[in-house]
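Here the structure is laid out as structure tokens; the discussion comes afterwards.
The values are calculated or read from the model by the stated rules, or taken from the named source; none is laboratory data. Treat the numbers as computed from the prediction; the structure is a model and nothing was measured. All Cβ positions, even for glycine, are placed from backbone atoms using ideal geometry, and neighbour counts span all protein chains on display.
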């Protein structure tokens, strides 16, 4: 079933984009349509670059604090997909790309598909009730001197 969906997207999406480009071109003309497509690509590239640098700074701050930037990496992946959509010629892919540039929407998408657990939480410690005490493990090295 996913193969059929992928095939439909690979064939259907370019056909829909061509149809929309023809319709927009018949309304505003060929050169303004091409110019608008180039403008959205340039503007989208600038916005992706700007947000990407901000994301890179957040990832760096988190790693400096010793935290794992897992959600930020997923946010960066969505930002990469947004940049890809904005570079493709067409207005529908540009609309999806610009939607992915909205940070609250990206956070919602990441939060929708990722369940956030504390680092080191196992399935047994999550399933333990309030009456059961969770084990506390502290890792370290030691050296015995006699």
Within the stretch 88-112, work out how many residues are touching a residue at least 24 places away in the same chain (Cβ under 8 Å), under 17 Å from residue 50 (Cβ atoms) and surrounded by fewer than 16 Cβ atoms within 10 Å (Cβ to Cβ). 1
Can you name the condition, by its number, that residue 71 falls short on among (1) at pLDDT 90 or above; (2) under 30 Å from residue 113 (Cα atoms); (3) touching a helix residue (DSSP H, G or I) at 6+ places or on another chain (Cβ under 7 Å)? (1)
Identify, by number, the condition in (1) surrounded by 12 or more Cβ atoms within 10 Å (Cβ to Cβ); (2) at pLDDT 90 or above that residue 46 doesn't meet. (1)
What number of residues within the stretch 75-94 are modelled with pLDDT of 90 or more and out of contact with any helix residue (DSSP H, G or I) (no Cβ under 7 Å at 6 or more places or on another chain)? 3
Of the conditions (1) modelled with pLDDT of 90 or more; (2) loosely packed, with under 10 Cβ neighbours inside 10 Å, residue 29 clears all except one; give me its number. (2)
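A quick yes/no check of all residues on (1) loosely packed, with under 13 Cβ neighbours inside 10 Å; (2) closer than 13 Å to residue 91 by Cα; (3) under 23 Å from the mean Cα position of the chain (by Cα); (4) without any contact (Cβ under 8 Å) to a residue 12 or more places away in the chain:
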{"position": "5", "(1), (2), (3), (4)": "yes, no, yes, yes"}
{"position": "25", "(1), (2), (3), (4)": "no, yes, no, yes"}
{"position": "33", "(1), (2), (3), (4)": "no, yes, no, no"}
{"position": "50", "(1), (2), (3), (4)": "yes, no, yes, yes"}
{"position": "53", "(1), (2), (3), (4)": "yes, no, yes, yes"}
